[in-house]
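Notes follow once the structure below has been shown.
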Amino acid sequence: MEKPRPDESVIQSLTDFVAEREWAQFHSEGNLAKSIAIEAGELLECYQWDDGEASDEVESELADVLTYGYLLAMKIGKSPAELILNKLEITRRKYPAEKARGTSRKYDQL
Ligand SMILES: [Mg+2]
């Protein structure tokens, strides 16, 4: 049997976790979008007074952000990996490597 891709394994674990707790009723698109922003704030809080370094707390808050990102993607019927890869293709066209290499300028200023 083929080994599941990480994306599929995460999606299955999240699906089981939510179903076992009957939490899907709380997962409207808006609630999930708000949760992403709230958890992103908690991630930023890890760096509030200095730029510090990755820590257990950073890993935990990043996991929360990614979890709600996965849940929102699943809620709208999309694969998180596909969303990222599709957007990466758009960004790749917007920022051609030969123009964007080594600069942080916006695409319309390349
Ligand atoms: Mg958190």
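Taking the Cα centre of the chain as origin and assigning +1 to Lys and Arg Cβ atoms and -1 to Asp and Glu Cβ atoms, the resulting dipole is close to 1020 debye.
Of the peptides 13-26, 52-65, 31-44, the ranking by mean beta-carbon count within 10 Å, highest at the top, reads 31-44, 52-65, 13-26. When the charge dipole of the chain is built from unit charges on Cβ atoms (+1 for Lys and Arg, -1 for Asp and Glu) and taken about the Cα centre, the candidate among 104, 60, 41 whose Cα reaches farthest toward its positive end is 104.
Might you work out the accessible area of residue 67 for me, using a 1.4 Å probe with all protein chains in place, and round it to the nearest 10 Å²? Only protein atoms counted, so the area is about 50 Å².
Rolling a 1.4 angstrom probe over the protein heavy atoms with all chains in place gives the chain an accessible area of 80 Å² per residue.
Based on Cα contacts under 8 Å between residues 6+ apart, the stretch 1-78 shows a relative contact order of 41 percent. Think of it as helices only: each DSSP H run of n ≥ 4 in the chain is worth -39500 (n - 2.57), and spread over all residues that comes to -21000 deg cm²/dmol at 222 nm.
Taking Lys and Arg as +1 and Asp and Glu as -1, the other residues whose beta-carbon sits under 14 Å from that of residue 87 total +2.
The three principal axes of the Cα atoms in the chain give end-to-end lengths of 50, 41, 32 Å, sorted in falling order.
The values are calculated or read from the model by the stated rules, or taken from the named source; none is laboratory data. Please read these numbers as outputs of a predicted model, since none were measured by experiment. Here the Cβ is made from the backbone with ideal geometry for all residues, glycine too, and neighbour counts use every protein chain on show. SASA here: full protein model, heavy atoms, side chains in, ligands and nucleic acids out. Shrake-Rupley method; radii C 1.70, N 1.55, O 1.52, S 1.80 Å.
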